[in-house]
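For reference, the structure is listed below as structure tokens.
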Amino acid sequence: QVQLVESGGGLVQAGGSLRLSCAASGTIFSINSMGWYRQAPGKQREFVATISSGQRAVYADSVKGRFTISRDNAKRTVDLQMNSLKPDDTAVYYCRMTTRDEYWGQGTQVTVSS
């Protein structure tokens, strides 16, 4: 079965940086996009960034200029470099992968203190 596992979450002070990583395993054919979403307490899950198989990236306005998404097609991983973190970035971050179907990781907690 297909599995996505996130890592790299943690506690950081405002202005700091974290790097999230997501690794895919299992039988996977024709990966299209890989991306990141986040969900803060009491809020809906929201789009953060996505990157296509051709390395085209799209970002939410709230993270443009601060976050950078990247992927390694051979390793089947997607990373999210998060700089200049703000308390509003606090959320559970979820990895998403699309093929002919859609897959989600279990999430990793990111907490930014003021």
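Between TYR37, TYR59, TYR93, the distinction of being out of contact with any helix residue (DSSP H, G or I) (no Cβ under 9 Å at 6 or more places or on another chain), of a type in the set (Phe, Trp, Tyr) and closer than 16 Å to SER17 by Cα belongs to TYR93 only. The set of residues in segment 24-45 that are over 11 Å from the mean Cα position of the chain (by Cα) and within 16 Å of TYR103 (Cα to Cα) comprises ALA24, SER25, GLY26, THR27, ILE28, PHE29, SER30, ILE31, ASN32, SER33, ARG45. Somewhere in segment 64-81, is a residue open to solvent by 50 Å² or more (accessible area, probe 1.4 Å), assigned to a strand (DSSP E or B) and either on the phi < 0 side of the Ramachandran plot or without any contact (Cβ under 8 Å) to a residue 60 or more places away in the chain (or both)? Yes, that holds for at least one residue. Restricting segment 32-49 to residues that are of a type outside the set (Lys, Arg) and open to solvent by 30 Å² or more (accessible area, probe 1.4 Å) leaves a set whose member that is farthest from LEU85 (Cα to Cα) is ASN32. Within the option set LEU20, LEU85, LEU4, being part of a loop (DSSP other than H, G, I, E, B), touching a residue at least 12 places away in the same chain (Cβ under 8 Å) and surrounded by 18 or more Cβ atoms within 10 Å (Cβ to Cβ) holds for one residue only, LEU85.
The values are calculated or read from the model by the stated rules, or taken from the named source; none is laboratory data. Predicted model only: the values in this text are computed from it and were never measured. Using ideal geometry, Cβ is built from the backbone for each residue, glycine included, and neighbour counts are taken over all protein chains shown. Remember, those area values only see protein heavy atoms, side chains included, never the ligands or the DNA or RNA. Shrake-Rupley method; radii C 1.70, N 1.55, O 1.52, S 1.80 Å.
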